[in-house]
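As structure tokens, the structure follows; a few thoughts come after it.
Derivation of every value follows stated rules applied to the coordinates shown; laboratory data play no part. Everything numeric here is computed off the predicted structure, so don't read it as measured data. Using ideal geometry, Cβ is built from the backbone for each residue, glycine included, and neighbour counts are taken over all protein chains shown.
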Amino acid sequence: MPVTDDPATTAALARFERAVAAETRIEPRDEMPDAYRATLVRQIAQHAHSEIIGMQPEANWITRAPSLRRKAILIAKVQDEAGHGLYLYGAAETLGVGRAELLDKLHTGRQKYSSIFNYPTLTWADVGAIGWLVDGAAITNQVPLCRCSYGPYARAMVRICKEESFHQRQGYELLHTLARGTAEQRAMAQDAVDRWWWPSLMMFGPPDGDSPRTERSVAWRIKRHTNDELRQRFVDICVPQAASLGLTLPDPALRFDEARGHWEFGAIDWDEFRAVLRGEGPCNEERLAQRRRAHEEGAWVREAAAAYAAKRGGRGGGEGEEVAA
Amino acid sequence: MSGTTGGAVGAGSASGTSGASGADWPLWEVFVRPRRGLAHTHAGSLHAPDAELALRNARDLFTRRGEGVSLWVVPAAAIAASSPDERDPFFAPAADKPYRHPTFYEVPDGVRHL
């Protein structure tokens with residue numbers, strides 16, 4: 001936020017900070033610091049992009065789901081991810097950015113999505129590992145966001161968190177079924193957990209010492225906990241869940257620290273994290289290319305629907321002038 | 001500091017702007033009645049080319065788990081709203097009339113059904 005001597009701006013900033021400190025929610029048309037708005041747009045957009053890019057690795061298995069039950073579940077889950085993306089785009093738009101602009105920034109690489117979705121889904125067990133670990137990590141991240149200071153984001157997160165718990169449980173059930181199956185199925189489940197464990201821990205972002213924006217986001221009540229706090233919470237939750245599955249987590253350093261009351265875990269390969277972030281992950285290009293293709297191939301549908309609305313006339317929204325012209 | 005001067009519920013000021021991906025469909029606000037006997041409440045917003053598709057999209061987006069028995073979709077631009085400022089004098093007439101609340105009145109001990 002630019003330094004200013006303007007008394008009206010100073011007073012507005014003081015009102016904003018008082019409201020945030022008092023746990024009052026900030027709503028769309030309230031005055032807010034430009035940096036608060038920019039931080040939210042970046043975070044919500046990245047979150048929305050992650051939801052819709054996240055449809056790809058799982059949709060990869062819809063045609064090969066092993067039963068009708070599993071297929072119906074997977075379709076419902078992928079549809080939910082689309083819905084989550086839409087709730088979040090809607091929340092971002094309350095901050096004054098347009099949908100087309102956000103999608104354009106995704107398609108041109110100017111806004112990011114979670115790097116976890118740049119890993120491939122090699123076997124059916126990956127669908128289970130994603131539900132258990134990736135959605136589990138997402139829930140750990142997202143539950144505190146239900147109390148985010150920005151009203152529309154917090155409300156979207158409440159809705160999303162309710163739906164995510166189905167995602168996590170179906171994944172856990174899937175892995176549990178495989179883990180009790182043939183030796184081959186069991187090996188497949190273990191392999192998926194081995195591949196998804198470390199990338200899931202990376203989902204919480206860089207370590208606190210290396211996360212320059214955390215402090216301000218915590219002060220603004222956008223974030224409630226640091227990356228490392230949430231990562232620790234996730235590990236503590238997962239270790240006993242892995243034991244119930246009869247699967248192991250691929251970390252020889254895992255051990256319970258009685259004094260701290262937490263599970264210690266090994267060092268995360270941050271070089272890998274940064275490489276995937278730079279675009280060097282196994283599927284970065286494929287994911288973005290598929291997203292662009294889906295958007296371009298849908299252009300005629302968007303145009304046809306707009307033309308039909310214009311032809312019928314007058315029933316569009318109040319902002320439809322550019323469509324009707 | 002900045003406030004948005006766009007649509008009543010916040011979104012809208014930037015929607016419809018042309019980007020490389022073209023213009024957005026108009027924005028609609030969605031209201032859901034969770035069950036009979038309750039009022040419609042605001043659930044969120046979506047884009048749609050017309051009212052019919054806005055309703056269909058709203059059904060798919062906001063009622064995938066039986067969250068509603070009735071939907072309203074309203075063009076966001078058609079909503080008029082008061083200023084978001086909490087100190088808005090618009091609401092001032094209500095602030096200094098505590099005698100409009102039953103708790104303003106003292107009633108002798110033992111008086112019932114009052």
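For the reader, a short list of remarks on this structure follows.
- In order through the range B:57-64: 3J(HN,Hα) via Karplus (6.51 cos²θ - 1.76 cosθ + 1.60), integer Hz, x for Gly, Pro: 5, 5, 4, 5, 8, 10, 10, 6
- Shielding by partners, peptide B:57-64 (average Cβ within 10 angstrom, other chains): 3
- For the pair the range B:45-114 and the range A:116-184, the centres of their Cα atoms are 33 angstrom apart.
- Longest exposed-site-free window of chain A, the sites being GluC sites (Glu not before Pro) in a DSSP loop that have at most 16 other C-beta atoms within 10 Å: A:24-257
- Between amide H atoms placed 1.01 Å from N, distances below 5 Å from B:Ala43 occur with B:Val30, B:Phe31, B:Val32, all of them 5 or more places distant or on a separate chain.
- With all pairs of different C-alpha atoms in the average, the Kirkwood value for the hydrodynamic radius of the protein assembly as shown is 24.1 Å.
- Size of electric dipole in chain A: Cβ of Lys, Arg +1 and of Asp, Glu -1, about Cα centre, debye, nearest 20: 960
- Estimated 222 nm signal from helices in chain A, with DSSP H stretches of n ≥ 4 weighted -39500 (n - 2.57), rounded to 500: -19500 deg cm²/dmol
- Note on A:304-313: average number of Cβ atoms from other chains within 10 Å of each residue's Cβ is 4.
- Across the range B:24-78 the C-alpha pair distances fall into 5 Å bins from zero in the proportions 5, 23, 33, 22, 12, 4, 1, 0 percent.
- Within 10 Å of each Cβ in A:84-97, the average number of Cβ atoms from other chains: 6
- Only Lys, Arg (+1) and Asp, Glu (-1) charged, at Cβ; the range A:197-292 dipole about Cα centre in debye: 640
- Diffusion of the range A:17-130 by Stokes-Einstein, at 4 °C in a medium of 1.567 mPa s and with Rh set to the Kirkwood radius over alpha-carbon pairs, works out to 81 µm²/s.
- Taking a ≥ b ≥ c as the square roots of the eigenvalues of the Cα gyration tensor, the range A:87-224 is prolate, since a/c reaches 1.5 or more and a/b is larger than b/c.
- GNM flexibility winner over chain A from A:Arg159, A:Arg224, A:Arg29 (Cα, springs under 10 Å): A:Arg29
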